[in-house]
């Protein structure tokens, strides 16, 4: 049994059918990437897994427990945590309050020191309000907010988007440390080089359908796939 | 005739009215900020507080008992209303929310009219706060000074809850982004229920404190609802400090204008609101949009 098993997921925005029978699996300690063109359904897949978007049909099982149809807070309490594409930092709360709030209902929360060890910059800015942080600091905080809950699966939605290369490098290092420590990650990212450097396995999603699945190392050897589905 | 003593007295009246408006508006603004529901039944909660306090006072002869029982009753009324009705309208369009809360306000008013009639009721001030106090530069009704103190304490308690407790931290986060709060494992619907209860209690408590100043009638909440909305707009939707500043500004505008011509007090209030909307579209301390 895989840690996360998704079968036949169909999600809609209003009457628009976005995901068509999406199926995927994620093993424990694995980094799985979901790649595709803009609007292919990557973020919707993550939101559906998290319960932010309610899938109409399909199954999402985390360690065998069915999560499809549950509200986001219930999914979070079972061990799934989404880092939203737009970060969604609470601007009126300071850094430490953002992290404490995230850990309030967690069964095994990380101590603050562990978070600050991973992101020393957040320790320096711990009394700064969310609105006063740079984009990179906000992204660190968004990831820290997920990690403090010690999730079984972290869903990262475009964590490097719009960030300066030096910040991307730091965040990449943090993600690699996490992966090495055995954190299971599902990653959606436009930066293909970063994705392939991090991921063990890749799913390509095209127009809401899973079009390809395979090891990340093999994808580099299949330029026709990258050309067809990603235009690169 | 306008004179210095009259002006100072009206400023004090404005301070008392402003503090009351600030308390009522705090409830309205945290409800809208967190739940996204414009609660047109908020004036009815103010009225319910006045009646619940009056009833408790009638049976106990204790103003403290009136404040405690009245507040808890309105909080309970708010929680039950949210559980039974409001929660079914979170995903509905704003016009549906406006209609249902408007309807709820009418139901509360008519229920009170059915049980207690249309005649106004008076809750006497506590014995220790009766009479007048000589402030040196003027004499002023003692209860109004006490009311100012009571409301200031209530606002401090609300501030403590919002800014110094975990519940307050969740509420402030929920005002910004309730979807994200839910994604962090916090059952946001339970938070909504509590916020609606606390918001209603703030209005109800103000109704009790106001009852010895102005006698209560079933439709006492209608005028206060309009003023409260203006306060929230001036202060900035979802902002607790904004509600306090907006309340004090509105109270002074109404009182000082009344000194010259009471008919223009509302006109000036709306002029002030328009000015704020032109200069700061999100209110004095508000921020852009909510999720």
- Note on the structure: Of the residues in the range A:96-117, those that are closer than 20 Å to residue B:185 by Cβ, more than 13 Å from chain B (Cβ to nearest Cβ) and assigned to a helix (DSSP H, G or I) come to A:112, A:114, A:115
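Can you confirm whether residue A:196 is under 25 Å from residue A:55 (Cα atoms) and in the same structural domain as residue A:22 (by TED's automatic domain parsing)?
The answer is no for residue A:196.
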- Note on the structure: Matching residues in the range B:161-178 (exposed (fewer than 14 other Cβ atoms within 10 Å of the Cβ) and facing chain A (nearest Cβ under 8 Å)) number 1
- Picking from A:76, A:144, the residue that is more than 10 Å from every other protein chain (Cβ to nearest Cβ) and assigned to a helix (DSSP H, G or I) would be A:144
- Query: If residue B:278 satisfies every condition in (1) surrounded by 13 or more Cβ atoms within 10 Å (Cβ to Cβ); (2) farther than 21 Å from residue B:13 by Cα but one, which is the exception?
  - Reply: (1)
- Quick one: in the range B:187-215, which of the residues that are buried (at least 24 other Cβ atoms within 10 Å of the Cβ) and not in a helix (DSSP H, G or I) is farthest from the other protein chains (Cβ to nearest Cβ)? B:212
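The values are calculated or read from the model by the stated rules, or taken from the named source; none is laboratory data. This one's a predicted model, so the numbers in the text were calculated from it and none came from an experiment. Every residue, glycine as well, gets a Cβ built from its backbone with ideal geometry; the counts of neighbours run over all protein chains shown.
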